[in-house]
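Structure record follows, encoded as structure tokens.
Laboratory data are not the source of any read-out in this text; all were calculated from the coordinates shown. These figures come from a predicted structure and were not determined experimentally. Cβ coordinates were reconstructed from backbone atoms using ideal geometry, including for glycine residues, and neighbour counts include every protein chain displayed.
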Amino acid sequence: MSGGVAAVLGGLRTSGPLLALLALTVGFALADSGFATLANLRIILDSAAVPLVLAVGMTFVIRQGSIDLSIEGLMAACSLVFALAVANDRTQFDLGWLGLPVAAAVGAVFGLANGLIVTRLRVPSFMATLGLGSIGLGVAMLLSGDQPPLVRDTPLRQWALGQTFGVPNLALAAAACLAGGFFVEQFTRLGRYSYVVGGAESVARVSGINVDFYKVVVFAFAGLMAGLAAAMESARLGLGHVEIGAGQMLGTITAVVIGGTSLSGGSGSVLGSAVGVLALTVLANGMVFVGAPPHLEKAIQGAIVLVAAVLAGWHVRDRLRIVK
Amino acid sequence: MRQELAEFGAAAVRLVFALALAGAALPARAQALCEKSQIRLVNSMREITQPYHVNLNKGGRMFARWAGLEDNYVLQLNQGDSDKQIALMRSILATNPKCTVFNVEPNADVVMKPMVDTADRTGAWIVTHWVLNRALHPFEGHDHWIAHVAVNSQAVGVAVSEQLVAAMGGKGGIVALQGRLDTDPAQKRFAGLKAVLAKHPGVTLLAEQPANWDRRAAFPIMQAWLAKYGDRIRGVWAANDDMALGALEALRAAGLAGRIPVVGVDGIPEAIAAIDRGEMTATVSSDAFYQGSIGLAMGTCVLTGQAPPPQTWAKERREFFLRVVVITKDNAAHHAKEPAVDAYAGEWRCDNLWSRATGPAF
């Protein structure tokens, strides 16, 4: 392929997600005047908050060459723990703001288990996380029992549904997670070593990096993010719900892939995933605006993933001999 | 002498014949088909995370405990997967099929025929709810399909929509959250809304969207609608309470909870509490406790011989509409309390199984 075209396509690859986001935004703004308003911008940021927190965790996992299919089950378990730990209509606990770190900690423990099963028992992350996700779902169903617990902690609920200086609080929390994730990714050993592990694991091992340790930490981090996301969503909706994570797994992985992180690991950034999350949120929101049938949304999401994946691998497709 | 004997013999044969016919014509008291301890009660439903289903299960357990069969109660959850609902039924019928009673909330209209066929084939007993299948009737040769307890979902939709329109003063725009559109209740309730809107031209339907019976899906849709339509939304219609409650939280985020009428269907405790607080206007209850138990009661009555076999029942006792109740502020407090067994024991009696039938559903 000629150098000029390769350069353009290379540039496209890195700015592709941004272009997609811009295209969607402009398209919907033209289709409906109500779309491009401040009020709707707030709603888009609010809707993007929980998926963004999940995507930050998932980016780290995928960057290191693994996959985490457990987030729906983890979210379910953490949602129930959160709802039962704060003021609710079932138990006597009233941890208030502590409920958030407690839920995050439960997620981190599940993530730790994910990591240990992958590194110690040598189970592929695909299977290990699927299994642990089901366990999380089961735990959630046991905790939910007869009646989903309703969150009665008013300050927490008001926080989750409210805004500060015109920005939805959950969006602020998600932005903080994004900033934290970006910092870890760019400026810490964890971030850089897991990048190497994803790109060339054997090289990493031979260089003396404790690959297993960093893998486990990354899974625990993803679990922590899932727990936090579950607590945020539960505080917003007002109950601990087994289905709280339903549909999030595919959406999160889609967002991460659209954002430029290759599924085979060794590339990508949380910033790209953030753009991917925004693109999908704009898509969902815009489709409600134009009144499109919701099943179309899934079809279009799928199309976007395919296009993004093709664009991402375009420049190396001649060199790729093995495609799994 | 031989001729008299022959006449006597013929008369005796006729007498025996007549007695046999008379015996067959006698209704009521039938043969017990199973040992009571062998009877297995199965409640087959979508999941147990929504309060409607929680109460379905509670109703079933209440009956099992009352009938002394608590250890023989099984709950089957299909998580929204129709194939799984059928597979679960077939797998449990590997043992003791003839003494198993199924009380079924069909996940989608398509599961009815396979489940009824399975019952016919294995000798198990089944009672179905909700779905109205115009081509399938218990009395058309399905001797093991005891009954179908239908709900007139269009009437339910009409009732709850009229409450909404009244609360809006007959003017303004509404948004509608529909249920899973491959189910009869979702389609018919929405048709009920359309019928009411046709009679009230002052009310306009601004937008409609399915939200999968789920408050998590309803929340962002309601948020987007609030951004799009703003003040034009003067009422919210939801095909079930869970979606209504999701929309209510979106309204709360916009500072509108209690200021815009919201209606739902199911009569779950949370919705009744919201109606009491003034944040919801109305809901319709088919009484999940009753729906979760009546099929098991019918099956137990048939299996213990306290009710005749279903093929002898009148048609309108095998496919009937269930009585529903509209819950508004006036009667919310009354319905908020969790029912006790005494409330239903009278209706589980084998001679009173059809006490809530309002008419044939065919």
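Among all the aspartates and glutamates, which ones have a C-alpha under 19 Å from A:K215's C-alpha, if same-chain residues fewer than 8 places away are not counted?
Hits, sequence-local ones excluded: A:D68, A:E185, A:E201.
Around B:A119, with a cut-off of 12 angstrom between Cβ atoms, what is the net charge of the other residues, counting Lys and Arg +1 and Asp and Glu -1?
Local net charge: +1.
With unit charges on the beta carbons (Lys and Arg positive, Asp and Glu negative) and the dipole taken about the Cα centre of the stretch A:14-313, which residue among A:L41, A:C177, A:A284 sits farthest to the positive side?
A:C177
Quick one: dipole size for the stretch B:154-285, taken about the Cα centre, charges +1 on Lys/Arg Cβ and -1 on Asp/Glu Cβ, in debye to the nearest 20.
460 debye
Using amide H atoms built 1.01 Å from N in the peptide plane, name the residues 5+ places from A:S267, or on other chains, whose amide H lies under 5 Å from its own.
A:S262
For B:K228, list the aspartates and glutamates whose Cα falls under 18 Å from its own Cα; do not include residues on the same chain fewer than 8 positions away.
Filter leaves A:D32, A:D46, B:E208, B:E249.
Please report the net charge: other residues with Cβ closer than 15 Å to the Cβ of A:L24, K and R +1, D and E -1.
-2
Please enumerate, by chain and number, the aspartates and glutamates with C-alpha under 15 Å from the C-alpha of B:K171, excluding those fewer than 8 residues away in the same chain.
Cross-link targets: B:E162, B:D231.
From the backbone phi of the stretch A:21-33, what are the Karplus-calculated ³J(HN,Hα) couplings (6.51 cos²θ - 1.76 cosθ + 1.60, θ = phi - 60°) in whole Hz, Gly and Pro given as x?
4, 4, 4, 4, 4, 5, x, 5, 4, 6, 6, 8, 5
I'd like the Karplus ³J(HN,Hα) series for the stretch B:142-154: coefficients 6.51, -1.76, 1.60, θ = phi - 60°, whole numbers in Hz, and an x wherever there's a Gly or Pro.
9, 5, 9, 8, 4, 7, 10, 9, 8, 10, 6, 5, 5
By the gyration tensor of its Cα atoms, with a ≥ b ≥ c the square roots of the eigenvalues, what is the shape of chain B: rounded for a/c under 1.5, prolate for a/b over b/c, or oblate?
Here chain B falls in the prolate category.
May I ask you to derive the relative contact order of the stretch B:154-285, considering only C-alpha pairs under 8 Å and at least 6 residues apart, and to give it as an integer percent?
This gives 29 percent for the stretch B:154-285.
Pop a pseudo-label 7 angstrom from the Cα along the beta-carbon direction at both A:F165 and B:H334 and give the gap in nm to one decimal.
For A:F165 paired with B:H334, the spin-label model returns 5.5 nm.
Given Cα pairs under 8 Å that are at least 6 residues apart, what percent is the relative contact order of the stretch A:14-313?
Once normalised by length, the contact order is 35 percent.
Filter the trypsin sites (Lys or Arg not before Pro) in the stretch B:60-134 to those in DSSP coil with at most 12 other Cβ atoms within 10 Å of their Cβ, and list the result.
Passing both the DSSP loop test and the Cβ count: B:R134.
Report the antiparallel proportion of the DSSP beta bridges in the protein assembly as shown as a percent, rounded to a multiple of 5.
So the antiparallel bridges amount to about 20 percent of the total.
Mind listing the phi-derived Karplus ³J(HN,Hα) values for the stretch A:169-175, rounded to whole Hz, using 6.51, -1.76 and 1.60 with θ = phi - 60°, and x for any glycine or proline?
Values, residue by residue: 4, 5, 5, 5, 4, 5, 4 Hz.
In degrees, nearest 10, range 0 to 90: what is the angle between the Cα axis of helix B:184-199 and the longest Cα principal axis of chain B?
Around 50 degrees separate the two axes.
Please compare each pair in B:K58/B:K194; B:K84/B:K337; B:K36/B:K315 to a cut-off of 30 Å on the Cα-Cα distance and tell me which ones are over it.
Check vs 30 Å cut-off fails for B:K58/B:K194; B:K84/B:K337.
Taking the Cα centre of the stretch B:211-259 as the origin and placing charges on Cβ (Lys, Arg +1; Asp, Glu -1), which of B:L256, B:W237, B:P220 is farthest toward the positive end of the dipole?
Value: B:L256.
List the cysteines in the protein assembly as shown whose Cβ has no other cysteine Cβ under 4.7 Å from it.
A:C78, A:C177
Hey, if you put +1 on the Cβ of every Lys and Arg and -1 on every Asp and Glu Cβ in the protein assembly as shown, which of A:G162, B:V196, A:V123 ends up farthest toward the positive end of that dipole?
Value computed over the given set: A:V123.
Can you give me the long-range amide H partners of B:E208? Hydrogens built in the peptide plane at 1.01 Å from N, cutoff under 5 Å, separation of 5 or more residues or another chain.
So B:E208 has HN proximity to B:A176.
Given +1 on the Cβ of Lys and Arg, -1 on the Cβ of Asp and Glu, and no further charges, what dipole in debye does the protein assembly as shown carry about its Cα centre, rounded to the nearest 20?
1020 debye
Just add up the charged neighbours of A:G133: K/R +1, D/E -1, any other residue whose Cβ is under 15 Å from the Cβ of A:G133.
-3
On a 0 to 90 degree scale, rounded to 10, what angle separates helix B:51-66 from the longest Cα axis of chain B?
30 degrees
What is the Å³ per residue value for the convex hull set by the Cα atoms of the protein assembly as shown?
Looking at the protein assembly as shown, the number lands at 207 Å³ per residue.
Go through the stretch B:270-362 and name the GluC sites (Glu not before Pro) that are in a DSSP coil and have 14 or fewer other Cβ atoms within 10 Å of their Cβ.
none
For chain B, what is the relative contact order in percent, using Cα pairs closer than 8 Å and at least 6 residues apart in sequence?
Value for chain B: 20 percent.
For a quick check: with amide H placed at 1.01 Å from N, whose amide H comes under 5 Å from B:F139's, ignoring anything fewer than 5 positions away on the same chain?
none
Going by Cα centres, the stretch A:31-77 and the stretch A:255-288 are how many Å apart?
Between the Cα centre of the stretch A:31-77 and that of the stretch A:255-288, the gap is 9 Å.
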